[in-house]
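Undergrad: Can you read through this structure? Questions will come right after.
The values are calculated or read from the model by the stated rules, or taken from the named source; none is laboratory data. Bear in mind that the values here come from a model prediction, so they are computed numbers and not experimental data. Virtual Cβ from ideal backbone geometry, glycine too; neighbours counted across all protein chains shown.
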Amino acid sequence: MTTGLTELDEATLVARARDRDPAAFELLVRRYQRRIYTLCLRMLNGATGDAEDVAQETFVTAWRRLPEIQHEAAFGSWLYRTATNKCLTVLQRRKPTAELNEESAPQDLAHDPARAAGNTAAMQALAVALRRLPPPQRACWLLREVHGRSYQEIADLVGTTPTAVRGRIARARAELAEVMKPWR
C-alpha cells in the first residue's frame, strides 16, 4: 500500500478510488468492512454465509458505482444504504424460519458460569426477538442502536421519513423490552 495513504481523509480516498486507485478503495473497505459485515450479520439473523455474501456484494457494488457518487462525504451512508437494501432483499426471498446462531453469544464469561449462562440466554433471547421483528423495524433498530445513526440518516438509508423511522424504532423497542423483561 502507498505510504501516507492511511492518513488521507475519507473524501480524498473516495475521490482517488473513483479515479480507480485500488489502494485507496482497499483502505475504504478496511475502514468499513467490520461495520458493514456486523450490520449484515444482525439483519440476516446471524447467517454468517449470507452476511459475508451481502457485505462482499456491497463492496463490489461500491467499486462499480463509485463514479456515480456525487459527494465523497456521503460514501459511508451510501454503503449502509446499499447493505441495508441488499439485506432486505435477501430477507424477502428467504423462508420465514431460521436457526439460532449460537456463535453470536458472548464466550468470554468462563470465570462466572452462572453469569455466563444468564448472559448467553439473554443474548439468545435478544437474537430470537430481533429475528421476529419485521425486517424494516429490525433495520431501523440496528442502524440506530448498534450503529448510532441519526433518525434522518436512517430515513435516508431505508427510503422513508424520520417520523416513520421513529415509529419503527419505538415499536421495535417495545417488542424487545417485552421479550427482555426476564433479564432486567
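Table: residues versus (1) modelled with pLDDT of 85 or more; (2) within 20 Å of the chain's Cα centre (by Cα); (3) not basic (Lys, Arg).
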{"position": "144", "(1), (2), (3)": "yes, yes, no"}
{"position": "148", "(1), (2), (3)": "no, yes, yes"}
{"position": "154", "(1), (2), (3)": "yes, yes, yes"}
{"position": "164", "(1), (2), (3)": "yes, yes, yes"}
{"position": "167", "(1), (2), (3)": "yes, yes, yes"}
{"position": "180", "(1), (2), (3)": "no, no, yes"}
{"position": "184", "(1), (2), (3)": "no, no, no"}
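Undergrad: Right, here's the next one. Give the residues of segment 69-86 that are in contact with a Lys or Arg (Cβ under 9 Å, 6 or more places away or on another chain) and not aliphatic (A, V, I, L, M), sorted by residue number.
TA: Across segment 69-86, the qualifying residues are 72, 76, 77, 78, 80, 82.
Undergrad: Check whether at least one residue in segment 11-28 is within 21 Å of residue 157 (Cβ to Cβ), at pLDDT 90 or above and loosely packed, with under 15 Cβ neighbours inside 10 Å, and report yes or no.
TA: no
Undergrad: Same structure again: Regarding residue 83, is this residue in contact with a Ser or Thr (Cβ under 6 Å, 6 or more places away or on another chain), modelled with pLDDT of 90 or more and in a helix (DSSP H, G or I)?
TA: When the stated conditions are applied, residue 83 passes them.
Undergrad: Only one of these conditions is not met by residue 100: (1) in a helix (DSSP H, G or I); (2) in contact with a Gly (Cβ under 8 Å, 6 or more places away or on another chain); (3) at pLDDT below 85. Which number is it?
TA: For residue 100, the exception is condition (1).
Undergrad: Given the conditions (1) free of Cβ contacts under 8 Å to residues at least 12 places away in the same chain; (2) in contact with a Leu (Cβ under 9 Å, 6 or more places away or on another chain); (3) of a type outside the set (D, E, K, R), and given that residue 170 satisfies all but one, which numbered condition is not satisfied?
TA: Single failed check for residue 170: (2).
Undergrad: What pairs come up if the first residue lies in segment 43-68 and is outside the structural domain of residue 157 (by TED's automatic domain parsing), the second is surrounded by fewer than 19 Cβ atoms within 10 Å (Cβ to Cβ) and of a type in the set (Asp, Glu), and their beta carbons are under 8 Å apart, counting only those six or more places apart or on different chains?
TA: Matching pairs, first to second residue: 46/103; 48/103.
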